[in-house]
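Here is the structure we will look at, set down as structure tokens.
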Amino acid sequence: MRALRFADSRCSVANVPDPVPAAGEAVVRPLRVVVPQGQTPGNVTPGSDFVGVVQSTNVPAGSPLAERAKGLKGRRVVGSPSVPCRTCDLCKGGLSHHCRARQTIGLTRDGALAEAFAIPVANLTPVPDAIDDDRAALARLVAAAIHASQLVRLEAKTYITVLGDSPRALLIAQVMAKLNASVRVLGEHEQRLSLCERWSVKHRPPAEVGRRQDQDVVVDCTGAPGGLALAMDLIRPRGRIILASSPPPSNLDLAPLVDGELELLGCRGGPIDAALDMLASRQVHVEPLIARKVKLDAAAGVLNSPDPAGLVVLAEV
Ligand SMILES: [Zn+2]
């Protein structure tokens, strides 16, 4: 079958063996996959966000997953790319999301930018008919925005600043604006920021914002060295900073965390069922975040040189 692979740090379509599902796994035929722009080249097929159709399952009759597997066959599904070991202390303690030996589809094991890939049945969730393929592929991004919004304590009038204007940042702003909070996005990209207007979200370039330490919540989606420093300049004492993208290593002065008695929270993953509910009832608009759709061959090109608009590119497999 055809799958994207890296060779000498370049991505291209390769002919690879068909996936062999382990016990408890399904083979999924992807319909749409979010092209992971800017991903570090690895030795597996990329692609962590997908919607696809369950082709087959490898679940023995009588196993606790048998009924679920049967119900999923031929269904359209989305799924979590995080594959826990199910044997470590965290998995056994109910924290499999933080498994000590977890693998990630598209990063450490073969992902969805292929004609088929294997994934545990337990990771899959059926997609309601009301959600088309394009929007379903963004379910995990919506789930992440819901998770970030669940970390916000809503007080009388909550002032929230979202740092960055990536699709993730824009979705977080959109979902948080529904919480009756005053939300503004600080970003540099005019085309992306203009999307904020339709969601009643204010936007400014970071340079135009006063460092008044008056925000109740700052969500850093930049993944950039200066993100957390800027967040500490903007947050009020006892405010909450949410890190929604991994910052690079730095020698940042963390004294403001102590002085301001700040809370710093990491945020990863999110509730996929709630995301599908929001998408099905059109409470969240993801279409404007999709720049274009490409075939598998062209998806390799997008991995090699990311889309200039910085919006979502979907591969139609
Ligand atoms: Zn584990």
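The values are calculated or read from the model by the stated rules, or taken from the named source; none is laboratory data. Worth saying up front: this structure is predicted, and the values here are computed from it rather than measured. All Cβ positions, even for glycine, are placed from backbone atoms using ideal geometry, and neighbour counts span all protein chains on display. Accessible surface areas use protein heavy atoms only, side chains included; no ligands, DNA or RNA. Shrake-Rupley method; radii C 1.70, N 1.55, O 1.52, S 1.80 Å.
For region 142-266, the dipole from Cβ point charges (+1 on Lys and Arg, -1 on Asp and Glu) about the Cα centre works out to 420 debye, to the nearest 20. Take the chain with all the other protein chains still there, run a 1.4 Å probe, and you get 46 Å² of accessible area per residue.
Counting only Cβ charges, +1 for Lys and Arg and -1 for Asp and Glu, the dipole size of the chain around its Cα centre is about 520 debye. For region 296-317 versus region 98-121, the spacing of their alpha-carbon centroids is 20 Å. For region 133-262, with all protein chains present and a 1.4 Å probe, just round the carbon and sulfur fraction of the accessible area to a whole percent. It is 48 percent, rounded to a whole number. If you run the Gaussian network model on the chain, springs between alpha carbon atoms under 10 Å, then out of H147, H97, H203 the most flexible one is H97.
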